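The values are calculated or read from the model by the stated rules, or taken from the named source; none is laboratory data. Please read all numbers here as calculations on a predicted model, not as lab measurements. Cβ atoms come from the backbone with ideal geometry, glycine included; neighbour counts cover every protein chain shown.
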Amino acid sequence: MKKLQILLFLMVLSIASFVLVGCKKDENKITIAEVAHSVFYAPQYVALEKGFFKDEGLTVDIVNANGADKVMAALLSKDAQIGLMGPEASIYVYNNGQENYAINFAQLTKRDGSFLVAREPIKDFTWEMLKNKEILGGRKGGVPVMVLEYTLRHNGLDVGEDDPNSEVNVRTDVAFAAMGGAFTSGEADFVTLFEPTATALEKEGKGYVVASIGESSGEIPYTAYSALKDYINGHENIIQGFTNAIYKAQVWVKEHTAREIAEVIHPYFTDLSLDDLTVVMQRHIDIDAWCDHPLFKKEGLDKLMDVMIEAKELEKKIDYNTVVTTKFADNAKK
């Protein structure tokens, strides 16, 4: 009887150990909801392909949510633990009174990564050429359309949905993921697209890149990683490991050529040839698209909120420390 009790005790202990190990393993498996599947987020795919997440003990799945609003919905529903999107989404959620709101902990890109695509090649493009034209700009309230309008204004054009003197019709009625298809079907004169969609249209002869929005708009915290406040508080080791992996990838990207980056991330973008992907990588290097480190700076958030206020999507600025934490980026840099 005593032997049976000992045996049962050992069996229970073994099962408990298995459950604990299983829980720990599952806890280290995280899902990233990304705003779009784009080569603009090359460092993320470098971190995945080079094993930087694995080095931190993390198993990472990436799902394309097709829009910052849908990324935030995935976080709030806890279908994803980490979101990659424009930080404006975290501001909206906080201002809407959500108690368990999203906090940005690592910045990935430092300027707009979209490109202005025309129907015909334009050798010497100027922003003045957009006067009295129609552009598919993205979802209302999203960073892409706000930065586009900011760029147009700062290049001398009156623009705005409520501006009676608007010289450019920026459309916000087409879903982010559908803009390329809408443009090729004949809608609008121009469209803003991310890669690899822009290059794909060029290859098909259905569109031509004429300008970089990010090159003209300047630095802005365009995309960052965020997680819900309670998830960060309860999983600091995971957030730190994730940030460490992203920082390693940012350093790696900075130290390698467009061809070398293209070779690493090509498995995630097989619709493009390696040569085309190299061209795309060089476009992003030329505009200095990626952050050198994951630190989300105060001046960056201030500029983003200036853009939001100018777009009439934000009434007043919120405190930087409310929706940003630098703890994990600081530790990663150390």
query: Any chance segment 112-126 includes a residue that's charged (D, E, K, R) and either within 26 Å of the chain's Cα centre (by Cα) or under 26 Å from residue 305 (Cα atoms) (or both)?
result: yes
- prompt: Restricting the first residue to segment 44-63 and requiring it to be within 15 Å of residue 332 (Cβ to Cβ), which pairs with a second residue that is polar (S, T, N, Q) and assigned to a helix (DSSP H, G or I) meet a Cβ separation below 6 Å and a spacing of at least six or different chains?
  reply: 56/244
Single match in 191, 174 (criterion: over 18 Å from residue 85 (Cβ atoms), in contact with a strand residue (DSSP E or B) (Cβ under 8 Å, 6 or more places away or on another chain) and touching a residue at least 40 places away in the same chain (Cβ under 8 Å)): 191
message: All but one of (1) in the same structural domain as residue 189 (by TED's automatic domain parsing); (2) in a helix (DSSP H, G or I); (3) not charged (D, E, K, R) hold for residue 122; state the number of the condition that does not hold.
response: (2)
message: For segment 177-188, which positions are within 22 Å of the chain's Cα centre (by Cα) and in contact (Cβ under 8 Å) with a residue 40 or more places away in the chain?
response: 177, 179
Exclusive hit being buried (at least 20 other Cβ atoms within 10 Å of the Cβ), among the polar types (S, T, N, Q) and assigned by TED's automatic domain parsing to the domain that holds residue 103, set 257, 278, 326, 243: 243
query: If you check residue 77 against the conditions, is it modelled with pLDDT of 90 or more and either surrounded by 16 or more Cβ atoms within 10 Å (Cβ to Cβ) or in contact with a Cys (Cβ under 6 Å, 6 or more places away or on another chain) (or both)?
result: no
field: Tally of residues being surrounded by fewer than 18 Cβ atoms within 10 Å (Cβ to Cβ) and closer than 18 Å to residue 324 by Cβ across segment 211-228
entry: 1
Search result, residues across segment 64-88 that are under 20 Å from residue 269 (Cα atoms) and either in contact (Cβ under 8 Å) with a residue 60 or more places away in the chain or part of a helix (DSSP H, G or I) (or both): 66, 67, 84, 85
query: Considering only segment 253-274, how many residues are modelled with pLDDT of 95 or more and either within 30 Å of residue 321 (Cβ to Cβ) or of a type in the set (D, E, K, R) (or both)?
result: 6
query: Does residue 70 count as in the same structural domain as residue 264 (by TED's automatic domain parsing), within 17 Å of residue 101 (Cα to Cα) and of a type in the set (Lys, Arg)?
result: yes
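Table: residues versus (1) within 26 Å of residue 95 (Cα to Cα); (2) of a type outside the set (S, T, N, Q); (3) modelled with pLDDT of 95 or more.
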| position | (1), (2), (3) |
| --- | --- |
| 182 | no, yes, yes |
| 198 | no, yes, no |
| 219 | yes, yes, no |
| 224 | yes, yes, yes |
| 233 | yes, no, yes |
| 236 | yes, yes, yes |
field: Selection status of residue 198, assigned to a helix (DSSP H, G or I), touching a residue at least 60 places away in the same chain (Cβ under 8 Å) and within 19 Å of residue 64 (Cα to Cα)
entry: yes
message: Could you check segment 137-184 and list, in sequence order, the residues that are within 13 Å of residue 217 (Cβ to Cβ) and either aliphatic (A, V, I, L, M) or assigned to a helix (DSSP H, G or I) (or both)?
response: 143, 144, 145, 146, 147, 148, 149, 150, 151, 152, 153
statement: residue 65 vs (1) under 14 Å from the mean Cα position of the chain (by Cα); (2) under 24 Å from residue 293 (Cβ atoms); (3) crowded, with 24+ Cβ neighbours inside 10 Å: all pass except (2)
task: Could you tell me which numbered condition residue 165 fails, if it satisfies all but one of (1) modelled with pLDDT under 95; (2) surrounded by fewer than 23 Cβ atoms within 10 Å (Cβ to Cβ); (3) touching a helix residue (DSSP H, G or I) at 6+ places or on another chain (Cβ under 8 Å); (4) not β-branched (Val, Ile, Thr)?
output: (3)
- prompt: Does residue 205 satisfy the condition of being over 19 Å from residue 108 (Cα atoms), in the same structural domain as residue 61 (by TED's automatic domain parsing), over 16 Å from the mean Cα position of the chain (by Cα) and among the small types (Gly, Ala, Ser)?
  reply: no
